[in-house]
Amino acid sequence: IGFSVDSQGVWSSQERLESALQDAVSLGFDTIRTWGTNTYTQRILAAIESLDLDLKLQAGIYITNNSDTGVLIDQALSLIEPYKEHVLGISLGNEQLADWNPSAISVSTVREHVQYVRNNINLPVTYNFAGETLRPNSSFWNQQGAELLQELDYVNVHSYAGFFDNRWNPSWSPQQQLDVLISDEALFRDPLDSLGLQD
């Protein structure tokens with residue numbers, strides 16, 4: 001589950017953070033994610049360790065075409081290093097490869113980021129894909145998309161299941177959203193399975 005209790009960049013208290021982490025565990029979550037990695041992420045990891053929580057973190061590095069990527073990655077790896085045992089993996093971006101995103105980041109750029117991280121820390125690497133990126137007509141497939149998927153340790157796909165098109169539609173039901181989600185899951189499985197990524 002996505003995790004942020006710093007209220008849009010305003011840090012409240014360590015007690016609030018620890019309470020939210022304990023709530024996540026009590027609700028049955030065993031994995032949380034962040035979009036960026038900074039001192040707040042380090043506080044999360046320190047709290048997971050000090051409270052001995054059964055919780056893993058997917059640490060995001062929020063890379064955009066305006067980012068100083070090397071600095072961002074180096075800073076993130078430095079913050080994560082002391083808490084590696086609590087880190088499920090590192091995500092090298094969020095939805096920048098979708099055709100609707102005006103970002104100049106390409107698949108080959110993300111592949112370079114993957115290699116850079118692999119050369120500097122021994123942790124699984126992923127990328128947060130918008131579901132549209134894995135659709136058959138996406139430009140992703142003409143940019144070594146299959147090669148990137150095979151280089152990642154696991155694939156993270158966001159499926160919003162029609163939410164953005166229907167959030168103001170009073171007749172849109174939870175069942176319809178679930179039906180779209182199930183359909184999307186099958187659609188995304190096909191290319192992954194064809195690449196031998198069944199697991």
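The values are calculated or read from the model by the stated rules, or taken from the named source; none is laboratory data. Small disclaimer: the values here were computed from a predicted structure and weren't measured. All Cβ positions, even for glycine, are placed from backbone atoms using ideal geometry, and neighbour counts span all protein chains on display. Ligands, DNA and RNA are stripped out before the accessible areas are found, and what is left, the full protein with its side chains, is counted by its heavy atoms. Shrake-Rupley method; radii C 1.70, N 1.55, O 1.52, S 1.80 Å.
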Report summary line: Within the range 67-99, of all residues that are open to solvent by less than 50 Å² (accessible area, probe 1.4 Å) and in contact with a Pro (Cβ under 8 Å, 6 or more places away or on another chain), the one farthest from ASP30 (Cα to Cα) is ILE90
Query raised in the report: more than 18 Å from THR133 (Cβ to Cβ), in a strand (DSSP E or B) and of a type in the set (Val, Ile, Thr) - does that describe any residue in the range 47-57?
Result: no
Query raised in the report: Within the range 53-81, restricting attention to residues that are hydroxyl-bearing (Ser, Thr, Tyr) and in contact (Cβ under 8 Å) with a residue 12 or more places away in the chain, which residue is nearest to ARG33 (Cα to Cα)?
Result: TYR62
Query raised in the report: Considering ASP184, ASP199, which residue is touching a residue at least 24 places away in the same chain (Cβ under 8 Å) and within 20 Å of the chain's Cα centre (by Cα)?
Result: ASP184
**Report entry** Of all residues making up the range 34-46, the number that are open to solvent by 30 Å² or more (accessible area, probe 1.4 Å) and either in a loop (DSSP other than H, G, I, E, B) or charged (D, E, K, R) (or both)
**Finding:** 3
Query raised in the report: Counting only residues that are on the phi > 0 side of the Ramachandran plot and either surrounded by 11 or more Cβ atoms within 10 Å (Cβ to Cβ) or touching a strand residue (DSSP E or B) at 6+ places or on another chain (Cβ under 6 Å) (or both), how many does the range 153-199 have?
Result: 2
**Report entry** Among (1) open to solvent by less than 80 Å² (accessible area, probe 1.4 Å); (2) under 29 Å from ALA104 (Cα atoms); (3) part of a loop (DSSP other than H, G, I, E, B); (4) at pLDDT 90 or above, the one test that GLY28 misses
**Finding:** (2)
**Report entry** the range 132-152 residues that are at positive phi, paired with ones that are of a type outside the set (D, E, K, R) and assigned to a helix (DSSP H, G or I) (beta carbon under 7 Å, 6 or more apart)
**Finding:** GLN144/VAL107; GLN144/SER108
Query - Sole residue being at pLDDT below 90 and touching a helix residue (DSSP H, G or I) at 6+ places or on another chain (Cβ under 6 Å), chosen from PHE188, PHE164 - result: PHE188
